[in-house]
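Read through the structure below, which is laid out as structure tokens, and then see the notes.
The values are calculated or read from the model by the stated rules, or taken from the named source; none is laboratory data. Note that the coordinates shown come from a computational prediction; the quantities given were computed from them, not determined experimentally. No Cβ is skipped: glycine too gets one built from the backbone with ideal geometry, and neighbour counts run over all protein chains shown.
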């Protein structure tokens, strides 16, 4: 019974969202606000269950002596919320600085060691050989250089540079065209999932329950 | 000044260097190895926890905004009430699941094999709302493509041709298009594969390298304290 | 004036065509063929090369928004791994639904393999915040990030996790991803720890990942519903007993979804062609009218 109620609640909410395709209406706005509320409630649940309890609260309460250092992330985490108290909002900067700094630092390593080096290396180290034909490799090298020149704005795009830059635009257009085709595929897939729910799953589950 | 600016900037510099320095220095190195390992492990474990707190920052903002809207009876306040109701019920189920109270034993399956209340709401409210909201994009992309996708110049023509080849080549349409010719069923899929692995990869690689250079330099500006907008200040 | 009306038709007519084009093939399946592409075959062959001694780390980095694309991938890969006896460690790093998606998929698939024991043949560690920090620290020890599994069992008590300490004990990482997390597996974990990474990506992200495929940072790529259907087809072709499973009426699979996908692509292409043809006719008419007026 709980499954039957659930599946009809899900169907009703799906139709509320779809009603926006006709025009804006209170059903859609209800579902939209519920969407935001439930999503934030979901965050609370997963953060509490999966991170805060096992990685912070349990170790602190289980063996405080060995895990007292976890008071540091606890205080830094709680301190983030001082931004909602105007008089001491500046305190949150300390936690924000620590949080942003770590992720910006790791991002720098990822970008240089994990993207620039292997991507440049893969372009220039094996111009002949590898899995691609030499012609394809040459096209790839020319394409990468042309796109980079298009994005290089410190010199005027005229003459030879302008021609190469134009070639870069054509490569980008081929890439964007492919990305558009894939984006259509992705968006349609999401709809297929919902329609499958409304016309197949809903009917099947209702039939099984009745 | 020290607490509001210099300390955050100093912390940014020190913590920002941890993933960079520990990347270069081996934990096996004499003398400094254990210190490197200690700093890396502690900071990474702390960041998992702090990220949890950070994820919930948005909850407070939304609750504040919604409560204000309801208190002042602003237009659309009943929708703010439904937002809060969803948040409070789902959030409460989540917290009770974390505390393992009564039937709230974890997020997914209860000990009796049934669904926990949190999972019931996930499956029947959270999942369909998320999925339905994003599935609207299928309608919008079709409508936008019909209205705005025009062949006006060489660039738009290249884009359209590539898009058509990929849209056909990544479905059985591509196999049927020239399927009446001997071997023709492989033509369009093969051209699609070529577009994806050669010109598309070249374009994507150019964008990746360019964006990575930009992101790395921005990271450096933040670590060195030149870029401070994330602290909500441009003070020198 | 009549031509302008053709390109300014009510947008809801377009919506209706898409809705019908999606629904009809689901109700009346066409059964269109699915052929595979090299990036999908590459992942399939990699999994084929693994056996009961090997470990796959499967990361659920997607939520319900892209479940129609990612869930069929997850199910096909899990079935493939379980059929070959490969040990699987399941985690989730995407906050908006990753862990519940993983739970649902495991609940669907594991009953098909009653001989499997949780904790011995597979482990479900749950979700963790701070993706990049978690990814880095898992390179040191999974237990530092996941002190307990999703059922709150300490990792030390889980037989599988006693021998899977960090990435050194993982033979393949597969991320089923809706966003940038897939890139982090490549530009952080593969780059710093060298563990092979394969990606089941949404169609929207897939084009970018061809650059990572070429550089060897990703060893396989399933792009969107098409990629998922290809993997399903490869699994069915290699293990024919799966055909019955995938043919069950009322069960959503990527292969079945490809019928609707194909029809919708055809509709959208037809609309684009129609819009451009009318646009061309309008321009020609206006040019002629301009010449006449001149």
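Restricting attention to the range C:284-291, does a residue exist that is more than 21 Å from residue B:169 (Cβ to Cβ) and either surrounded by 18 or more Cβ atoms within 10 Å (Cβ to Cβ) or under 21 Å from the mean Cα position of the chain (by Cα) (or both)? Full working, then the answer.
First pass over the range C:284-291, keeping only residues more than 21 Å from residue B:169 (Cβ to Cβ): C:284-291.
Next, from what is left, pick out any that are either surrounded by 18 or more Cβ atoms within 10 Å (Cβ to Cβ) or under 21 Å from the mean Cα position of the chain (by Cα) (or both): none.
The answer is no; no qualifying residue exists.
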Checklist outcome for this item: In the set A:31, A:11, the lone residue that is in a helix (DSSP H, G or I) and either at pLDDT below 95 or more than 7 Å from chain B (Cβ to nearest Cβ) (or both) is A:11
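Go through A:45, A:6, A:41 for me and flag whichever is under 20 Å from residue B:123 (Cβ atoms), surrounded by fewer than 21 Cβ atoms within 10 Å (Cβ to Cβ) and facing another protein chain (nearest Cβ under 7 Å).
Residue meeting the stated conditions: A:6.
Could you tell me whether the range A:171-182 includes any residue that is closer than 30 Å to residue C:259 by Cβ, touching a strand residue (DSSP E or B) at 6+ places or on another chain (Cβ under 9 Å) and facing chain B (nearest Cβ under 9 Å)?
Taking the range A:171-182 first, the residues closer than 30 Å to residue C:259 by Cβ are A:174-182.
Filter again for touching a strand residue (DSSP E or B) at 6+ places or on another chain (Cβ under 9 Å), leaving A:182.
Add one more test, that the residue is facing chain B (nearest Cβ under 9 Å), and what stays is A:182.
Yes, the conditions are met somewhere in the range A:171-182.
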Next on the checklist: Suppose we keep only residues that are touching a helix residue (DSSP H, G or I) at 6+ places or on another chain (Cβ under 7 Å) and at the interface with chain B (Cβ under 7 Å from one of its Cβ atoms) within the range C:268-283. Which one would you say is surrounded by the fewest Cβ atoms within 10 Å (Cβ to Cβ)?
Outcome noted: C:279
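Here is a yes/no grid of residues against (1) over 20 Å from residue B:140 (Cα atoms); (2) within 28 Å of the chain's Cα centre (by Cα); (3) without any contact (Cβ under 8 Å) to a residue 40 or more places away in the chain:
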{"site": "A:2", "(1), (2), (3)": "yes, no, yes"}
{"site": "A:6", "(1), (2), (3)": "yes, no, yes"}
{"site": "A:19", "(1), (2), (3)": "no, yes, yes"}
{"site": "A:25", "(1), (2), (3)": "no, no, yes"}
{"site": "A:41", "(1), (2), (3)": "yes, yes, yes"}
{"site": "A:57", "(1), (2), (3)": "yes, no, yes"}
{"site": "A:60", "(1), (2), (3)": "yes, no, yes"}
Checklist entry - Among the residues of the range C:243-266, which ones are more than 7 Å from chain B (Cβ to nearest Cβ), part of a helix (DSSP H, G or I) and touching a residue at least 60 places away in the same chain (Cβ under 8 Å)? => result C:245, C:254, C:255, C:256, C:257, C:259, C:260, C:263, C:264
Checklist entry - Among the candidates C:97, C:31, C:51, which residue alone is within 30 Å of residue C:274 (Cβ to Cβ) and touching a residue at least 24 places away in the same chain (Cβ under 8 Å)? => result C:31
Checklist entry - Only one of these conditions is not met by residue A:58: (1) more than 8 Å from chain B (Cβ to nearest Cβ); (2) in contact with a strand residue (DSSP E or B) (Cβ under 9 Å, 6 or more places away or on another chain); (3) within 30 Å of residue B:223 (Cβ to Cβ). Which number is it? => result (3)
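Please determine, by comparing only the residues of the range B:177-190 that are over 18 Å from residue C:269 (Cα atoms) and at pLDDT 85 or above, which one is farthest from the other protein chains (Cβ to nearest Cβ).
Going through the range B:177-190, the residues over 18 Å from residue C:269 (Cα atoms) turn out to be B:179-187, B:190.
Pick out the ones that are also at pLDDT 85 or above and you get B:186-187, B:190.
Numbers: B:186: 8, B:187: 13, B:190: 10 Å.
So, considering only residues that are over 18 Å from residue C:269 (Cα atoms) and at pLDDT 85 or above, the one farthest from the other protein chains (Cβ to nearest Cβ) is B:187.
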Checklist entry - Among the residues of the range A:155-169, is there at least one that is surrounded by fewer than 19 Cβ atoms within 10 Å (Cβ to Cβ), assigned to a helix (DSSP H, G or I), touching a residue at least 24 places away in the same chain (Cβ under 8 Å) and in contact with a helix residue (DSSP H, G or I) (Cβ under 6 Å, 6 or more places away or on another chain)? => result yes
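This table checks each residue for (1) at pLDDT below 95; (2) more than 29 Å from the chain's Cα centre (by Cα); (3) more than 8 Å from chain A (Cβ to nearest Cβ).
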site: B:75; (1), (2), (3): yes, yes, yes
site: B:83; (1), (2), (3): no, no, no
site: B:102; (1), (2), (3): yes, yes, yes
site: B:115; (1), (2), (3): yes, no, no
site: B:120; (1), (2), (3): yes, no, no
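Each row is one residue, and each column tells you yes or no for (1) in a helix (DSSP H, G or I); (2) within 10 Å of chain A (Cβ to nearest Cβ); (3) at positive phi.
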position: C:137; (1), (2), (3): yes, no, no
position: C:176; (1), (2), (3): no, no, no
position: C:221; (1), (2), (3): no, no, no
position: C:226; (1), (2), (3): yes, yes, no
Item to check | Unmet criterion (only one of (1) touching a helix residue (DSSP H, G or I) at 6+ places or on another chain (Cβ under 9 Å); (2) exposed (fewer than 15 other Cβ atoms within 10 Å of the Cβ)) for residue B:120 | outcome: (2)
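Test residue B:73 against the stated conditions and say whether it is more than 27 Å from residue A:91 (Cβ to Cβ) and exposed (fewer than 13 other Cβ atoms within 10 Å of the Cβ). First the steps, then the outcome.
Details: more than 27 Å from residue A:91 (Cβ to Cβ): yes; exposed (fewer than 13 other Cβ atoms within 10 Å of the Cβ): yes.
Taking the combined requirement at face value, the residue satisfies it.
Name the residue, out of B:143, B:135, that is under 30 Å from residue C:269 (Cα atoms) and more than 7 Å from chain A (Cβ to nearest Cβ). Write out each step before concluding.
Values: B:135 fails: more than 7 Å from chain A (Cβ to nearest Cβ).
When all the criteria are applied, what remains is B:143.
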Checklist entry - Pick from the range C:86-111 the residues that are touching a helix residue (DSSP H, G or I) at 6+ places or on another chain (Cβ under 7 Å) and in a helix (DSSP H, G or I): which of them is farthest from the other protein chains (Cβ to nearest Cβ)? => result C:109
Item to check | Where residue B:106 falls short, out of the listed (1) at negative phi; (2) surrounded by 13 or more Cβ atoms within 10 Å (Cβ to Cβ) | outcome: (1)
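Given the range B:55-162, what helices (runs of 4 or more DSSP H) lie entirely inside it while holding 1 or more residues that are in contact with a strand residue (DSSP E or B) (Cβ under 7 Å, 6 or more places away or on another chain)? Give the steps one after another, and end with the answer.
Working: elements: B:57-71, B:77-99, B:117-121, B:127-148.
Fully inside the range B:55-162 and qualifying: B:77-99, B:117-121.
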Checklist entry - Considering C:45, C:75, which residue is assigned to a helix (DSSP H, G or I) and touching a helix residue (DSSP H, G or I) at 6+ places or on another chain (Cβ under 7 Å)? => result C:75
Checklist outcome for this item: Considering only helices (runs of 4 or more DSSP H) wholly within the range A:52-131, the ones with at least 3 residues that are buried (at least 18 other Cβ atoms within 10 Å of the Cβ) are A:71-79, A:92-111, A:117-124
Next on the checklist: Cβ-Cβ under 7 Å, sequence separation 6+ or interchain: first residue in the range B:207-234 and crowded, with 18+ Cβ neighbours inside 10 Å, partner part of a loop (DSSP other than H, G, I, E, B). Which pairs?
Outcome noted: B:228/B:234
